[in-house]
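Visitor: Mind having a look at this structure? Questions to follow.
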Amino acid sequence: MRKLLVVITFSLLSVQITEAQQPKKPNSVEIHEAIKKLNFLGSVLYVAAHPDDENTRLISYMSNQVKARTAYLSLTRGDGGQNLIGPEIRELLGVIRTQELLAARNTDGGEQMFTRANDFGYSKHPDETLAIWDKKEVLNDVVWAIRKFQPDVIINRFNHRTPGSTHGHHTSSAMLSVEAFDMVADKNVYPEQLKYVNTWQPKRLFFNTSWWFYGSREKFEKADKSKFLEFDTGVYYPDLGLSNSEIASLSRSQHKSQGFGSTGTRGTQTEYIELIKGDLPEDKTNVFDGIDTSWNRVKGGKEIGDILYEVEKNFDFKNPSASVNQLVKAYQLIQQLEDTHWKAIKTKEIKDIIAATTGLYLEAVATEPYTTKDSEVTIKIEAINRSDASIRLKSIDISAIGVSENAETVLDNNKGKNYELKGKIISSTKNTTPYWLNSKGTLGMYNVTDQKLIGTPETKHQTEAIFNIEINGTIIPYKKDIVYKTNDPVKGEVYKPFEVIPAISASIKDKVIIYANGPAKEIPVTIKAGESNLTGTVSLKHPEGWQVSPQKIDFSLAQKGEEKTLVFTLTAPKNQSEGYISPQINIKGKIYSDEVITIDYDHIPFQTVVLPSETKVVRLDIQKKGQNIGYIEGAGDVVPESLQQIGYKVTTITPESISEETLQPFDAIVVGIRAYNTVDELKFRQKYLLEYVKNGGNLIIQYNTNRRLKVQDNLGPYPLKLSRDRVTDENATVKLLASDHPVLNTPNKITNKDFDGWVQERGLYFPGEWSKEYVPIIAANDKGESEKKGALLIAKYGKGYYVYTGLSFFREFPAGVSGAYRLFANMLSLGK
């Protein structure tokens, strides 16, 4: 047995919370609230389609006022949206929004669940949605979520009876929930799930309705409300100093990548839910009316309830540990429950409460932020009991490094104990990455084959420490993820997850490389060591017809974390062509080809994503006129970098600097997506942009939404009104309306072939009305809809050109869509 290095400390820990990753340190009020929830045995499942769909007022109300176990089932992770805080899109945006949902639930007291459905973008009808998602599999996941969570009550955010009236994902989420309600109790439905869960039948299913779904407040007032329940969700919590609505706003404000910062409100706020299935409660203010939510609900629960109701009633806020003896006794009884569902839930809850009442703080901290398989790591352990309770640390088990140590140490009041453990990461440990990205899925579904993983919000960390704690003779195990922490001069104590990464990784900075100005390009490949003393070779896998030189490059990396950039020359074929390149690292015959991507924002935990390192290369037949492009950033995109790829010099223009003089040198000015929704300064600077056009300039404005528009009256030089028109089918036929217009002819001849291979959509938020000065260039429509002609409008104004486009160039450029580059080059060339 390894000898423990023991250091006894007497200092108190800081309780200041500054980072999303820091451990919770509940105060007495929070502990008492947790005891109230411990004594409530009822569950509510809220169902919708995306991050931000959830009604945080209702989730917070059910969790904090009713004390119910409350979860939000979001069918997708929001992968198809835009990102207002950084460059990440698609899968990486889904990682961010997953964590934002977890941060929201951490704020409002709920839990978070998902299905395998991929947010493939806006859909106008559930028929399309369910075809792309694979209805059978997503329904499988909804049934699984209900059986696993066992809700008494399900509440749908959207109306299942109105397909085609809103986002197809929205209606689909409600339709699947309604269908699953009648299936979950049938053992013949998805029987393979029953290896892990039991059948279940919720008591009631509701639709979270409001006046919005009726079209007006007047129509809602006249609606039949005989099957409605209503709640005042504006309740005030004196112990917290917050209204429920304020908590809900704090929760919603976690959706920072969507710009959903929300201002808290106070006062009465009524929420309505309409019964869809099940029995109508007699008490229409109590969604659990007629459902036993006491400890009497489970066999053997009465004795537990007798103890815990007394603990709740007599809780000592100045000395929470006075309840420890009774809490431990209840813990012992919970371990004897036959109901495995409530046993698991209440075991976790009461363990956390016992630790909180004693001020028990347990932590396992790695001395480095990451490691690799078979590498030695050092873990520093801290254990402290901040109460008079009789507590003994029996042992510490860290299976990831093969260490199990018997501590047998008494934890006296406020006398901390520190240990240092060393071991090697076992070779079977998997690299840290979101589990749903481990293998390639389809347009509509992530590929997850492990039934137990489906629906879980994130990958369970494999590096954890189990502290076996003895309290009053009862051993209670506590699991703690191993973390890494540092002291930041500004932020103070900063936590990060401790990650397992590949021994070596490789990346190519640009995920799309366009060949437009010559046959050859230098391709820098950056390799990074996950461990020390690595030697080998790097080669570049490339498409047929392309040539690479040299064939391979030798490398040597002495230190962990060391980086080197190796440069290959890749030559494209003469004709238009595209494909993918991938670095291949050979170390003693083992090939490594993954990239380690990190995502670091203050409002969510640090994320590590391991994905195949891959870059699209495109030999593009393209001509262009003009050289100097000014770019005004909007809500975030990679259009500037994409234009640089095809040979333009792009200069970022800050909104504050816009003037007649600063705009004059540019051949064209491009405004980023949603800039007129997000940049206040533009309402003062728009006159300079229009004057630039009048004097001979070329102004290209990319899509904006018709809500929260900063510039209303003079978005264009002539009347122009935005709408919600969009074409969501990326393969929709495009009609060229102005075949003689320069934008379709020079310097590149644009044909229908240039609209092949577009991704996710044609475009969004097209203008719906415009004056005669604008020339509509193209038309397209989704199946069964009228033509939409507002995707690309061009007006001659003075000596220059004004261009407004809702085409989704911000999606097409990162995907390397050739035709999108050619068309945009023509837009930039207008007037040249």
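The values are calculated or read from the model by the stated rules, or taken from the named source; none is laboratory data. Note that the structure is a prediction, hence the values are computed from the model and not measured. A quick note on method: Cβ atoms are made from the backbone with ideal geometry, for glycine too, and the neighbour counts reach across all protein chains shown.
Visitor: Would you pick out the residues in region 683-706 that are of a type in the set (A, V, I, L, M, F, W, C) and farther than 19 Å from Tyr801 by Cβ? If you could, list the steps in order and put the result at the bottom.
Guide: Step one: of region 683-706, the residues of a type in the set (A, V, I, L, M, F, W, C) are 684, 689-690, 693, 699-701.
Correct list: Phe684 only.
Visitor: Here is a follow-up. Would you check if there is a residue in region 209-232 being assigned to a loop (DSSP other than H, G, I, E, B), closer than 30 Å to Glu30 by Cβ and modelled with pLDDT of 95 or more? Steps first, answer last, please.
Guide: As a first pass, look at region 209-232 and keep what is assigned to a loop (DSSP other than H, G, I, E, B): 209-210, 215-216, 223-227.
Still in the running and closer than 30 Å to Glu30 by Cβ: none.
No: region 209-232 contains no residue that is assigned to a loop (DSSP other than H, G, I, E, B), closer than 30 Å to Glu30 by Cβ and modelled with pLDDT of 95 or more.
Visitor: For region 247-299, how many residues are of a type outside the set (Phe, Trp, Tyr), in contact with a helix residue (DSSP H, G or I) (Cβ under 9 Å, 6 or more places away or on another chain) and farther than 30 Å from Ile89 by Cα?
Guide: Narrowing region 247-299 to residues of a type outside the set (Phe, Trp, Tyr): 247-259, 261-271, 273-287, 289-294, 296-299.
So of that shortlist, the ones also in contact with a helix residue (DSSP H, G or I) (Cβ under 9 Å, 6 or more places away or on another chain) come out as 247-259, 261-267, 269, 271, 273, 276-278, 287, 291, 294, 296-298.
From what's left, farther than 30 Å from Ile89 by Cα: 265-267, 269, 271, 273, 276-278, 287, 291, 294, 296-298.
Summing the residues that are of a type outside the set (Phe, Trp, Tyr), in contact with a helix residue (DSSP H, G or I) (Cβ under 9 Å, 6 or more places away or on another chain) and farther than 30 Å from Ile89 by Cα in region 247-299 gives 15.
Visitor: Select the strands (runs of 3 or more DSSP E) contained entirely in region 592-652, then report the ones holding at least 2 residues which are in contact with a Pro (Cβ under 9 Å, 6 or more places away or on another chain) and crowded, with 17+ Cβ neighbours inside 10 Å.
Guide: Details: elements: 594-599, 607-612, 615-619, 628-632, 649-652.
Passing ranges, in order: 594-599, 607-612, 615-619, 628-632.
Visitor: Continuing with this model, one more query. Read through the list (1) over 36 Å from the mean Cα position of the chain (by Cα); (2) surrounded by 15 or more Cβ atoms within 10 Å (Cβ to Cβ); (3) not polar (S, T, N, Q), then give the number of the only condition that Tyr331 fails.
Guide: (1)
Visitor: Name the residue, out of Glu137, Glu100, Glu111, that is over 30 Å from Lys36 (Cβ atoms) and of a type in the set (Asp, Glu). Quick ask: steps written out before the conclusion?
Guide: On the way: Glu100 fails: over 30 Å from Lys36 (Cβ atoms); Glu111 fails: over 30 Å from Lys36 (Cβ atoms).
Step by step, each of Glu137, Glu100, Glu111 is checked, and only Glu137 is over 30 Å from Lys36 (Cβ atoms) and of a type in the set (Asp, Glu).
Visitor: In addition: Would you be able to tell me the number of residues in region 510-568 that are crowded, with 17+ Cβ neighbours inside 10 Å and hydroxyl-bearing (Ser, Thr, Tyr)?
Guide: 2
Visitor: Within region 510-537, which residues are over 24 Å from Val596 (Cα atoms) and more than 36 Å from the chain's Cα centre (by Cα)?
Guide: Asn517, Gly518, Pro519, Ala520
Visitor: Taking region 392-408 as the search range and keeping residues that are assigned to a strand (DSSP E or B) and modelled with pLDDT under 95, which one is surrounded by the fewest Cβ atoms within 10 Å (Cβ to Cβ)? So that I can check it myself, show each step before the final result.
Guide: In the first step, residues of region 392-408 are kept if they are assigned to a strand (DSSP E or B); the result is 392-398, 403-408.
Adding the requirement that they be modelled with pLDDT under 95 leaves 403-408.
Details: Val403: 17, Ser404: 16, Glu405: 16, Asn406: 13, Ala407: 19, Glu408: 11.
Only one residue tops the list, namely Glu408.
Visitor: Which condition breaks for Ser808 when tested against (1) modelled with pLDDT of 95 or more; (2) of a type in the set (Gly, Ala, Ser); (3) closer than 18 Å to Arg619 by Cα?
Guide: Tallying (1) modelled with pLDDT of 95 or more; (2) of a type in the set (Gly, Ala, Ser); (3) closer than 18 Å to Arg619 by Cα, Ser808 fails exactly one: (3).
Visitor: Moving on. Consider Glu246 against the criteria (1) assigned by TED's automatic domain parsing to the domain that holds Thr70; (2) of a type in the set (Asp, Glu); (3) over 30 Å from Asp53 (Cβ atoms): it satisfies all of them except one. Which criterion is unmet?
Guide: Every condition holds for Glu246 apart from (3).
Visitor: Regarding region 157-165, can at least one residue be identified that is in contact (Cβ under 8 Å) with a residue 24 or more places away in the chain, in the same structural domain as Leu58 (by TED's automatic domain parsing) and closer than 30 Å to Ile599 by Cα?
Guide: No, because not a single residue in region 157-165 is in contact (Cβ under 8 Å) with a residue 24 or more places away in the chain, in the same structural domain as Leu58 (by TED's automatic domain parsing) and closer than 30 Å to Ile599 by Cα.
Visitor: Restricting to region 235-260, count the residues that are touching a strand residue (DSSP E or B) at 6+ places or on another chain (Cβ under 6 Å) and either closer than 12 Å to Thr107 by Cβ or small (Gly, Ala, Ser) (or both).
Guide: Step one: list which residues in region 235-260 are touching a strand residue (DSSP E or B) at 6+ places or on another chain (Cβ under 6 Å), which gives 236, 243.
Those left that are additionally either closer than 12 Å to Thr107 by Cβ or small (Gly, Ala, Ser) (or both): 243.
Total meeting the criteria: 1.
Visitor: OK, next. Within the group Pro477, Pro489, which residue is surrounded by fewer than 16 Cβ atoms within 10 Å (Cβ to Cβ) and out of contact with any strand residue (DSSP E or B) (no Cβ under 6 Å at 6 or more places or on another chain)?
Guide: On the way: Pro477 fails: out of contact with any strand residue (DSSP E or B) (no Cβ under 6 Å at 6 or more places or on another chain).
Result of the check over Pro477, Pro489: Pro489.
Visitor: If you don't mind, there's one more thing I want to ask. Find all pairs meeting these conditions: Cβ atoms under 9 angstrom apart; at least six residues apart or on different chains; first residue within region 166-179 and in the same structural domain as Lys203 (by TED's automatic domain parsing) and closer than 21 Å to Arg204 by Cβ; second residue buried (at least 23 other Cβ atoms within 10 Å of the Cβ) and of a type in the set (Asp, Glu).
Guide: Short answer, once both residue conditions are applied: Leu176/Asp141.
Visitor: Then there is this: So Lys417 ticks every box in (1) surrounded by 16 or more Cβ atoms within 10 Å (Cβ to Cβ); (2) within 26 Å of the chain's Cα centre (by Cα) but one. Which box is left unticked?
Guide: Single failed check for Lys417: (2).
Visitor: Output the number of residues of region 59-70 satisfying the condition of being surrounded by fewer than 24 Cβ atoms within 10 Å (Cβ to Cβ) and closer than 19 Å to Leu275 by Cα.
Guide: 1
Visitor: Which is at pLDDT 95 or above and on the phi > 0 side of the Ramachandran plot, of Tyr774, Tyr765? Even if it seems obvious, please write down each step before you answer.
Guide: On the way: Tyr774 fails: on the phi > 0 side of the Ramachandran plot.
Just a single option satisfies the conditions, and that option is Tyr765.
Visitor: Output the residues belonging to region 68-123 that are among the β-branched types (Val, Ile, Thr) and within 22 Å of Val143 (Cα to Cα).
Guide: The first filter runs over region 68-123 and keeps only residues among the β-branched types (Val, Ile, Thr), leaving 70, 76, 85, 89, 95-96, 98, 107, 115.
Within region 68-123, Thr70, Thr76, Thr98, Thr115 qualify.
Visitor: Another question about this same structure. From the set of residues in region 49-76 that are free of Cβ contacts under 8 Å to residues at least 60 places away in the same chain and outside any helix (DSSP H, G or I), which is nearest to Val235 (Cα to Cα)?
Guide: Looking at the filtered set, the residue picked out is Lys67.
Visitor: Of the residues Gly455, Gly444, Gly359, which is in contact with a helix residue (DSSP H, G or I) (Cβ under 8 Å, 6 or more places away or on another chain), over 28 Å from Lys37 (Cα atoms) and small (Gly, Ala, Ser)? Spell out how you get there, then give the answer.
Guide: Details: Gly455 fails: over 28 Å from Lys37 (Cα atoms); Gly359 fails: over 28 Å from Lys37 (Cα atoms).
After ruling out the rest, the residue left standing is Gly444.
Visitor: Being surrounded by fewer than 17 Cβ atoms within 10 Å (Cβ to Cβ), touching a residue at least 60 places away in the same chain (Cβ under 8 Å) and within 31 Å of the chain's Cα centre (by Cα) is true for just one of Thr442, Thr433, Thr372. Which residue is that?
Guide: On the way: Thr433 fails: surrounded by fewer than 17 Cβ atoms within 10 Å (Cβ to Cβ); Thr372 fails: surrounded by fewer than 17 Cβ atoms within 10 Å (Cβ to Cβ).
Sole residue among the options that is surrounded by fewer than 17 Cβ atoms within 10 Å (Cβ to Cβ), touching a residue at least 60 places away in the same chain (Cβ under 8 Å) and within 31 Å of the chain's Cα centre (by Cα): Thr442.
Visitor: Scan region 663-685 and tell me whether some residue there is touching a Pro at 6+ places or on another chain (Cβ under 9 Å), without any contact (Cβ under 8 Å) to a residue 12 or more places away in the chain and either among the aliphatic types (A, V, I, L, M) or under 26 Å from Asn706 (Cβ atoms) (or both).
Guide: Taking region 663-685 as the starting set, the residues that turn out to be touching a Pro at 6+ places or on another chain (Cβ under 9 Å) are 670, 672, 675, 679-682, 684-685.
With without any contact (Cβ under 8 Å) to a residue 12 or more places away in the chain added as a condition, the list becomes 684.
Of the ones still in play, those that are also either among the aliphatic types (A, V, I, L, M) or under 26 Å from Asn706 (Cβ atoms) (or both) are 684.
Yes - at least one qualifying residue is present in region 663-685.
Visitor: Just wondering, is there one or more residues in region 199-219 that are under 30 Å from Thr340 (Cα atoms) and of a type in the set (A, V, I, L, M)?
Guide: Looking through region 199-219, at least one residue is under 30 Å from Thr340 (Cα atoms) and of a type in the set (A, V, I, L, M).
Visitor: Within the bounds of region 177-184, is there any residue that is among the hydroxyl-bearing types (Ser, Thr, Tyr) and farther than 23 Å from Thr56 by Cα?
Guide: No, there is no match, as no residue in region 177-184 is among the hydroxyl-bearing types (Ser, Thr, Tyr) and farther than 23 Å from Thr56 by Cα.
Visitor: Which residue pairs have Cβ atoms closer than 6 Å, lie 6 or more positions apart in sequence or on different chains, and pair a first residue in region 19-48 that is under 23 Å from Val143 (Cβ atoms) and part of a loop (DSSP other than H, G, I, E, B) with a second residue that is at pLDDT 95 or above and among the charged types (D, E, K, R)?
Guide: The qualifying pairs are Leu41/Arg297; Gly42/Asp152.
Visitor: Can I ask one more? Where in region 745-806 are there strands (runs of 3 or more DSSP E), lying fully within it, with 2 or more residues that are touching a residue at least 12 places away in the same chain (Cβ under 8 Å) and under 32 Å from the mean Cα position of the chain (by Cα)? Break it down into steps so the answer makes sense when it comes.
Guide: Values: elements: 763-770, 774-776, 792-797, 800-805.
Strands (runs of 3 or more DSSP E) meeting the threshold: 763-770, 800-805.
Visitor: Quick check on my filter: what residues within region 807-832 are within 14 Å of Ala668 (Cα to Cα) and either within 35 Å of the chain's Cα centre (by Cα) or hydroxyl-bearing (Ser, Thr, Tyr) (or both)?
Guide: Selection gives Phe824, Ala825, Met827, Leu828, Ser829.
Visitor: Inside region 273-391, counting only helices (runs of 4 or more DSSP H) that do not spill past its ends, which hold 3 or more residues that are at pLDDT 95 or above, basic (Lys, Arg) and within 24 Å of Ile31 (Cα to Cα)? Reasoning before the result, please.
Guide: Working: elements: 301-313, 324-334, 340-358.
Counting at least 3 such residues, we get 340-358.
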